[in-house]
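Report on the structure given below.
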Amino acid sequence: MLGSIFAFAWLAALGSNAAGQNKLVIAIQPTVASDEMIKKAKPLQQFLEKGLGGRTKVELYVPTSYAAVVESLRFGHAHVAFMSAWPAQLAVRLGGAEVALAEIRQVLHGKEKVDAPYYYSYWVVSDDSPHKDLPSLKGKSACFPSPISTSGYVAPMGRMIEMNLLQPGEGKQADPKAFFKEVLFGGGYGQCWQALKQGQVDATVIAGDVPEKLYNEVLAGTRTVEQQGPIPSHAVVLSKELKDPLRSRAVQTITKLGAPEHHDLMRSFISSIFVGFKPTTASEHLGSLQKYLKLANLKFTERL
């Protein structure tokens, strides 16, 4: 996985004091424009520096892509990253990184709202669709939100293989076009829902971590024909270059961000449904994702 020369020059500057452990660089995937993120980051930066005893400078790095985060962890230019499940798995596999914390989120399991580090996604068809199950959709059309979505593509593809609806060829990625006549990538769950409502596709996927309003609207107008999961939430990932005692102090300080008084701060940076963190490992938190990736032989395709 390659990054641009400019990105790595800047990351190298960020990580130049890694050996001294007097600086902690934290990568946060942007939820808004990068310049706005940096502006809003001051309270988070101050909280972390105070929690680390005031002896360690904290720098927040807003990457251009998940690929940039994986590479920065791999080379120790970022020490900690808040990442979604698939990039976290890549950071572990390619860079020897460690998953330390799983994000607990307020998600929907079926029609029940729960606080959990995992959720499910669901294949749905229109209420008036003649299709009663996933196998009956062979030769029809489907909309996926994104080819790098864990809940919207990886898990659904893995489930299709579990059901023997798809079989990837030797050394090849599973291809939904081997089952569906037409495949669309809508760019998001909302876009795929619109495609289903307008009759452009016969089926789509919805996940239990989308905004509750969208989730309830989809369920009210559809029928669920299959589900997959559990699907892991976001994770806090540590570079192998981050050593104790700073390593342990960083995890302890980040865990404290789960306190109710910090929810608004974290929801503006990490996830609008953030609740807290729980200690975990890569094998525990990412096990179901690894199973689906192995079944479908999928490769992360994002590039800088």
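The values are calculated or read from the model by the stated rules, or taken from the named source; none is laboratory data. No experiment lies behind these values; they were computed from the predicted model shown. So basically every Cβ, Gly included, is an ideal-geometry build from the backbone, and we count neighbours across all protein chains shown. Ligands, DNA and RNA are stripped out before the accessible areas are found, and what is left, the full protein with its side chains, is counted by its heavy atoms. Shrake-Rupley method; radii C 1.70, N 1.55, O 1.52, S 1.80 Å.
Test Y120 against the stated conditions and say whether it is among the hydroxyl-bearing types (S, T, Y), closer than 23 Å to H285 by Cα and in contact with a His (Cβ under 7 Å, 6 or more places away or on another chain). Give the steps one after another, and end with the answer.
Numbers: among the hydroxyl-bearing types (S, T, Y): yes; closer than 23 Å to H285 by Cα: yes; in contact with a His (Cβ under 7 Å, 6 or more places away or on another chain): yes.
Taking the combined requirement at face value, the residue satisfies it.
I'd like to verify a number: residues in region 132-177 that are among the polar types (S, T, N, Q) and in contact with a Ser or Thr (Cβ under 8 Å, 6 or more places away or on another chain), how many? If you could, list the steps in order and put the result at the bottom.
First, the residues of region 132-177 that are among the polar types (S, T, N, Q): 136, 141, 146, 149-151, 164, 167, 173.
Add one more test, that the residue is in contact with a Ser or Thr (Cβ under 8 Å, 6 or more places away or on another chain), and what stays is 150-151.
The qualifying residues number 2.
Does A91 satisfy the condition of being at pLDDT below 95, crowded, with 18+ Cβ neighbours inside 10 Å and touching a strand residue (DSSP E or B) at 6+ places or on another chain (Cβ under 7 Å)? Give the derivation first.
On the way: at pLDDT below 95: yes; crowded, with 18+ Cβ neighbours inside 10 Å: yes; touching a strand residue (DSSP E or B) at 6+ places or on another chain (Cβ under 7 Å): yes.
For A91, the condition - at pLDDT below 95, crowded, with 18+ Cβ neighbours inside 10 Å and touching a strand residue (DSSP E or B) at 6+ places or on another chain (Cβ under 7 Å) - is met.
Return the pair list, or none, for Cβ contacts closer than 8 Å from residues in region 293-304 that are loosely packed, with under 11 Cβ neighbours inside 10 Å to residues that are at pLDDT 80 or above and part of a helix (DSSP H, G or I), at least 6 apart or on different chains.
R303/A67
I'd like the residue in region 260-284 that is farther than 23 Å from E212 by Cβ and outside any helix (DSSP H, G or I) and, out of all such residues, is most open to solvent (accessible area, probe 1.4 Å).
P279
Does at least one position in region 237-258 carry a residue that is outside any strand (DSSP E or B), among the β-branched types (V, I, T), closer than 30 Å to G171 by Cβ and under 17 Å from the mean Cα position of the chain (by Cα)?
To start, the set of residues in region 237-258 that are outside any strand (DSSP E or B) comprises 239-258.
Those left that are additionally among the β-branched types (V, I, T): 251, 253-255.
Now narrow it down to the ones that are closer than 30 Å to G171 by Cβ: none.
Looking for residues that are outside any strand (DSSP E or B), among the β-branched types (V, I, T), closer than 30 Å to G171 by Cβ and under 17 Å from the mean Cα position of the chain (by Cα), one finds none in region 237-258, hence no.
Among the residues of region 54-73, how many are over 18 Å from the mean Cα position of the chain (by Cα) and modelled with pLDDT of 90 or more? Quick ask: steps written out before the conclusion?
Pass one, region 54-73, residues over 18 Å from the mean Cα position of the chain (by Cα): 54-60.
Then keep just the ones that are modelled with pLDDT of 90 or more; that gives 56-59.
Going through region 54-73 one residue at a time, the tally reaches 4.
Out of the residues in region 203-258 meeting the condition of being small (G, A, S), in contact (Cβ under 8 Å) with a residue 40 or more places away in the chain and under 28 Å from P43 (Cβ atoms), tell me which one is most open to solvent (accessible area, probe 1.4 Å).
First, pick out the residues of region 203-258 that are small (G, A, S): 203, 207-208, 220-221, 229, 233, 235, 239, 248, 250, 258.
Right, trim to in contact (Cβ under 8 Å) with a residue 40 or more places away in the chain and you get 203, 207-208, 221, 229, 233, 235, 239, 250, 258.
Keeping just the survivors that are under 28 Å from P43 (Cβ atoms) gives 233, 235, 239, 250, 258.
Working: S233: 1, A235: 4, S239: 0, A250: 3, G258: 19 Å².
Out of the qualifying residues, it is G258.
Can you tell me which residues in region 189-236 are part of a strand (DSSP E or B), under 30 Å from E71 (Cα atoms), in contact with a Leu (Cβ under 6 Å, 6 or more places away or on another chain) and small (G, A, S)?
Selection gives nothing.
Determine whether R247 is closer than 26 Å to Y66 by Cβ and not aromatic (F, W, Y). Break it down stepwise before answering.
Details: closer than 26 Å to Y66 by Cβ: yes; not aromatic (F, W, Y): yes.
So R247 fits the description; yes.
Quick one: would you say I161 is farther than 23 Å from F274 by Cβ, within 25 Å of the chain's Cα centre (by Cα) and modelled with pLDDT of 95 or more?
On the way: farther than 23 Å from F274 by Cβ: yes; within 25 Å of the chain's Cα centre (by Cα): yes; modelled with pLDDT of 95 or more: yes.
In short, yes.
Name the single residue, out of those in region 138-153 being in contact with an Asp or Glu (Cβ under 8 Å, 6 or more places away or on another chain) and of a type in the set (A, V, I, L, M, F, W, C), that is least open to solvent (accessible area, probe 1.4 Å).
The first filter runs over region 138-153 and keeps only residues in contact with an Asp or Glu (Cβ under 8 Å, 6 or more places away or on another chain), leaving 140-142, 148, 151.
Now restrict to residues that are of a type in the set (A, V, I, L, M, F, W, C): 142, 148.
On the way: A142: 0, I148: 52 Å².
Across region 138-153, the extreme among qualifying residues is A142.
Q46 versus (1) more than 22 Å from D264 (Cα to Cα); (2) modelled with pLDDT of 90 or more; (3) open to solvent by 40 Å² or more (accessible area, probe 1.4 Å): which is the lone unmet condition?
Unmet for Q46, out of (1) more than 22 Å from D264 (Cα to Cα); (2) modelled with pLDDT of 90 or more; (3) open to solvent by 40 Å² or more (accessible area, probe 1.4 Å): (1).
Given the criterion surrounded by fewer than 17 Cβ atoms within 10 Å (Cβ to Cβ) and under 25 Å from the mean Cα position of the chain (by Cα), identify the matching residue among P168, P135, P156.
After applying the criteria, what remains is P168.
In region 172-192, what residues are closer than 16 Å to S121 by Cα and open to solvent by less than 20 Å² (accessible area, probe 1.4 Å)?
Within region 172-192, G188, C192 meet the criteria.
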